[in-house]
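Student: The following block contains the structure, expressed as structure tokens.
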Amino acid sequence: MQSIYSTEFFYDLLFVLFLVGFVVFVALYFVDAGYGKMRSDKWGPAMNNKAGWLLMEAPVFLVMLYLYFKSFHFNGGVTKGVPYLLFFLIFEFHYFQRSFIFPFLLKGNSKMPFAIMILSFIWNVINGYIQGYFLFYIAPTDPFYMHAYTTSWLTDPRFIIGTLIFFTGWAINMHSDYVIRHLRKPGDTNHYLPKKGLYKYVTSANYFGEITEWLGFAILTWSYAGLVFFWFSCCNLIPRANSIYLKYEKEFPEEFDRKKLKRIIPFIY
């Protein structure tokens, strides 16, 4: 049996995740992910939404934290270098907000199915492992990354462009979440079509922001692990954006005809 601390296991897992991503992509065009706007009792027992978000998102933050600091005793502590620190901080920057701030900004008393929380928990543990293990254990021993991930990487166009894309996506994601949270005033139970920011062009601007973030991360690390994360994010979020689009289209037909909104990628899809 392969150890989780072996390159063979790591690359086998990447390949499996690539295939699973494709299955998820196809499946979510036929089965709605049962939370948020697509909440459904078909997914079984549910829990508090805030607690669900915390429990499913925090593992990726904690796994990355563990692997980063544990790596200081690996290969002479090369991962204490500035590029590795920035990879760690950029990744954790997103997940600190998503794990420990975002859940407490949610309004109302909505529910999340336990099944969704458990599946997301498992994915986040795996994703924390593949990002952390690649960056802090494989990269320091790989001939390409040994030479690439020095301080000179900070002036490499891939790092600069990727970082700009990442924070652009983060800003879109944060603003879009803010718009959604403030669609209704306290006590108002009506449904509204979001119209601010990139919601002028797409119905899932928050998802567009998130996939943009992980495209940026894949570029700034120039890694297979980052690429698989971006791929999996697309496979998960694009069909969910389609479900939301169809729901809004049915609920606000006149506005849809007038605005010609797209699902997730402005002017394209």
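Student: If I filter region 99-119 for residues that are under 28 Å from Ser6 (Cβ atoms) and either surrounded by fewer than 21 Cβ atoms within 10 Å (Cβ to Cβ) or of a type in the set (S, T, N, Q) (or both), do I get at least one hit? So that I can check it myself, show each step before the final result.
Tutor: Narrowing region 99-119 to residues under 28 Å from Ser6 (Cβ atoms): 118-119.
Applying the additional criterion that residues be either surrounded by fewer than 21 Cβ atoms within 10 Å (Cβ to Cβ) or of a type in the set (S, T, N, Q) (or both) yields 118-119.
There is at least one residue in region 99-119 that is under 28 Å from Ser6 (Cβ atoms) and either surrounded by fewer than 21 Cβ atoms within 10 Å (Cβ to Cβ) or of a type in the set (S, T, N, Q) (or both).
Student: Exactly one of (1) at pLDDT 95 or above; (2) among the small types (Gly, Ala, Ser); (3) in contact with a strand residue (DSSP E or B) (Cβ under 9 Å, 6 or more places away or on another chain) is unmet by Ala58. Its number?
Tutor: Of (1) at pLDDT 95 or above; (2) among the small types (Gly, Ala, Ser); (3) in contact with a strand residue (DSSP E or B) (Cβ under 9 Å, 6 or more places away or on another chain), only one is false for Ala58: (3).
Student: I've got another one for you. Those residues that are touching a helix residue (DSSP H, G or I) at 6+ places or on another chain (Cβ under 8 Å) and aromatic (Phe, Trp, Tyr), I need them from region 192-245; list them, please.
Tutor: Residues satisfying the conditions are Tyr199, Tyr207, Phe208, Trp214, Phe217, Trp222, Tyr224, Phe229, Phe230, Trp231, Phe232.
Student: Residue by residue through region 211-244, note down the ones that are touching a Leu at 6+ places or on another chain (Cβ under 7 Å), among the aliphatic types (A, V, I, L, M) and within 15 Å of Phe166 (Cα to Cα).
Tutor: Matches in region 211-244: Ile211, Ala218.
Student: Could you please find all residues in region 71-82 being assigned to a helix (DSSP H, G or I), in contact (Cβ under 8 Å) with a residue 24 or more places away in the chain and closer than 27 Å to Arg98 by Cβ? Break it down into steps so the answer makes sense when it comes.
Tutor: Of the residues in region 71-82, the ones assigned to a helix (DSSP H, G or I) are 71-73, 75-80, 82.
Within this subset, residues satisfying the condition of being in contact (Cβ under 8 Å) with a residue 24 or more places away in the chain are 71, 75, 78-79, 82.
Across region 71-82, the qualifying residues are Ser71, Thr79, Val82.
Student: If a residue has to be outside any helix (DSSP H, G or I), more than 24 Å from Pro143 (Cα to Cα) and either free of Cβ contacts under 8 Å to residues at least 12 places away in the same chain or polar (S, T, N, Q) (or both) to count, how many in region 223-262 make the cut?
Tutor: 1
Student: With a cut-off of at least 3 residues that are in contact (Cβ under 8 Å) with a residue 60 or more places away in the chain and within 16 Å of the chain's Cα centre (by Cα), name the helices (runs of 4 or more DSSP H) lying wholly within region 120-222.
Tutor: On the way: elements: 143-148, 157-181, 205-221.
Hits in region 120-222: 157-181, 205-221.
Student: Then there is this: Is it fair to say Gly34 is at pLDDT below 95 and assigned to a helix (DSSP H, G or I)?
Tutor: Working: at pLDDT below 95: yes; assigned to a helix (DSSP H, G or I): no.
Considered against the rule, which asks whether it is at pLDDT below 95 and assigned to a helix (DSSP H, G or I), Gly34 comes out as no.
The values are calculated or read from the model by the stated rules, or taken from the named source; none is laboratory data. Everything numeric in this text was worked out from a predicted model, so none of it was measured. Positions of Cβ are backbone-derived with ideal geometry, glycine not excepted, and every protein chain shown enters the neighbour counts.
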